[in-house]
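Read through the structure below, which is laid out as structure tokens, and then see the notes.
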Amino acid sequence: MDGHTFVKLVSAMMALSIPLTAIIGVTYAYVKTKKLASDQLSASEKKEILDLKNENIALQQRLQNLETIVSVIDVDALKLNSRQNQNPDLKN
């Protein structure tokens with residue numbers, strides 16, 4: 001097998017693997033959704049979902065804290081800029 005044929009073979013395999021991966025991923029998500037809807041989850045899957053929900057809540061709280069910090073910093077920066085514009089002696 002020469003290099004050109006090998007490249008064609010690898011290219012074809014890669015081109016076919018992308019849709020195949022998408023199909024497998026969608027099918028997996030569909031099956032998990034159906035299991036969740038029919039309450040056929042194992043104890044470990046239920047625990048994993050609970051852990052993910054708790055992690056999601058924690059991340060939302062962290063994001064809200066960061067948004068608060070950023071908005072406070074923005075207000076402080078605007079106030080400082082306003083003071084510097086009103087009194088040029090404050091500038092370095």
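The values are calculated or read from the model by the stated rules, or taken from the named source; none is laboratory data. Keep in mind it's a predicted model, so treat the numbers as computed, not measured. Please note: Cβ atoms are built from the backbone with ideal geometry, for glycine as well, and neighbour counts cover all protein chains shown.
Miscellaneous remarks
- Residue satisfying all of: in region 40-92; under 24 Å from residue 29 (Cα atoms) and of a type in the set (Asp, Glu); modelled with the lowest pLDDT among these: 45
- Residues (not in a helix (DSSP H, G or I) and not hydrophobic (A, V, I, L, M, F, W, C)) located in region 1-22: 2
- Where residue 44 falls short, out of the listed (1) exposed (fewer than 10 other Cβ atoms within 10 Å of the Cβ); (2) not in a helix (DSSP H, G or I): (2)
- Pair list, Cβ < 6 Å and 6+ apart or interchain, from region 25-41 residues that are of a type in the set (A, V, I, L, M, F, W, C) to residues that are at pLDDT below 85: 41/35
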